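Visitor: Take this structure, written in structure tokens, and hold onto it; I'll ask about it next.
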Amino acid sequence: MSTITHPVIQNCPNCDASLPLEALACPQCHSLVHSVRLDQLAKDARALEARGLYPQARELWEYSLPLLPHDSKQAEWVRQRIQALQQAEAGPLEAQTPTAPQPKPPAPPPPSWVKKLGPFGPLALLLLKLKSVLFFLLKAKFLFSFVFFIVLYVGIFGWRYGLGISVCILIHELGHYIDIKRRGLPAEMPVFLPGLGAYVRWNALGVTRRQIAQISLAGPLAGWIAAAICFLLYTQTGDPIWAALARTGAFLNTLNLIPVWMLDGGKAFLALGEIERVALLILTLGLWYYTREGLFLFVAAGIVWRVFTLFTGREQRPVPDWSSWLYYAALLIALAVMLHATPDALANQGRTIR
């Protein structure tokens, strides 16, 4: 087995605080010191798993264990992953070994607590046996919530627009989901909340602020792609439904970039310092002047608030990250162009969005 030498890191890559010798987690911001290395190991291990190379994938997961605090949830998840890969390696070999048929063991007696419940005992035992069915229903909440989401919006807006906007929102959420999974992080499928939107539940596992920003912005990026496809279909067909979907998609994704509360912009702003925030404010005001879309004034107001929280010490100052700023700025510009182009295209056709 080859060996991997892990670099010694003296400053936290997330908050730039000085680190004790051989520290695995930052004592100030609690992020993982070797998060970049762990992210790369997870990507490589996932790629090997996808090719069926389980021993090599398990070896990479084992390399990552010394970089994690022993009692952390991340280390426990990696240990479980290693165990699952060991079982996958042994599976085919066990399947080739013939075994003599074994007599069916007698059914075990019911637990003692069943008798204590009297006539309610059999019912409690049945409910316990149905836990696997209940677990499946909980795991299927993505499908159930999405179907209900579609039914509600189709009932309100008609089947074409209702189904179209539901799919556009799904694509936005899948942008988050795919970006999380490609980093080797655990995540659940999106859950839809009619009238409120949707969310993806995931475990950050000590990722850096830059990674959180990139995951947060992956949703609006996917949403912009969906809106751009709708706009392209409008230019080819002249059907105003596609223009309506393009404009609505661009509006919702721009709304998501307001840096407040639980919106995507609020999480992405964690990676931006004061200079990047002020620069983004100037850009946003310029986009408002270009588009005359009042929504950009709300984005600007959110930026002003986040600049205030940073200067007053209500928010920890991050390490400057211009790559996240460029990602954020490019999305705002792309969405502004979409919002600006769609009404013009409709005006040329003498149509309006309803």
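The values are calculated or read from the model by the stated rules, or taken from the named source; none is laboratory data. Just so it is clear, the model here is predicted, and its values are computed rather than measured. As a convention, Cβ positions derive from the backbone with ideal geometry for all residues, glycine included, and neighbour counts pool all protein chains shown. The protein model used for the area step is the full one, side chains on, heavy atoms only, and it has no ligands, DNA or RNA in it. Shrake-Rupley method; radii C 1.70, N 1.55, O 1.52, S 1.80 Å.
Visitor: If I model a spin label as a point 7 Å beyond the Cα along the Cα-Cβ vector, how far apart are those points for residue 47 and residue 319 in nm?
Guide: If labels sit at residue 47 and residue 319, their model points lie 2.4 nm apart.
Visitor: If packing is taken as the mean number of other Cβ atoms within 10 Å per residue, what is the order of 37-45, 152-160, highest first?
Guide: So the peptides 37-45, 152-160, ranked by packing, come out 37-45, 152-160.
Visitor: Using the Cα gyration tensor of the stretch 132-242, with a ≥ b ≥ c the square roots of its eigenvalues, what is the shape: rounded (a/c below 1.5), prolate (a/b larger than b/c) or oblate (neither)?
Guide: oblate
Visitor: Just add up the charged neighbours of residue 149: K/R +1, D/E -1, any other residue whose Cβ is under 14 Å from the Cβ of residue 149.
Guide: Neighbour charge sum, excluding residue 149 itself: 0.
Visitor: A follow-up question, please. Give the carbon-plus-sulfur fraction of the accessible surface of the stretch 195-275 in %, rounded to a whole number; probe 1.4 Å, heavy atoms of protein chains only.
Guide: With neighbouring chains kept in place, the figure for the stretch 195-275 is 68 percent.
Visitor: How much accessible area per residue does the stretch 235-307 have, in Å², with a 1.4 Å probe?
Guide: On a per-residue basis, 44 Å².
Visitor: Let me make sure I get this right: for the stretch 141-180, a, b and c are the square roots of the gyration tensor eigenvalues over alpha carbons, sorted descending. Under 1.5 in a/c it's rounded, otherwise prolate if a/b > b/c, else oblate. Which is it?
Guide: Oblate is the answer for the stretch 141-180, as a/c is 1.5 or above yet b/c matches or exceeds a/b.
Visitor: Then there's this: To the nearest Å, what is the center-to-center distance of the stretch 307-332 and the stretch 149-177, using C-alpha atoms only?
Guide: Spelled out, the Cα-based centre of one part sits 31 Å from the other.
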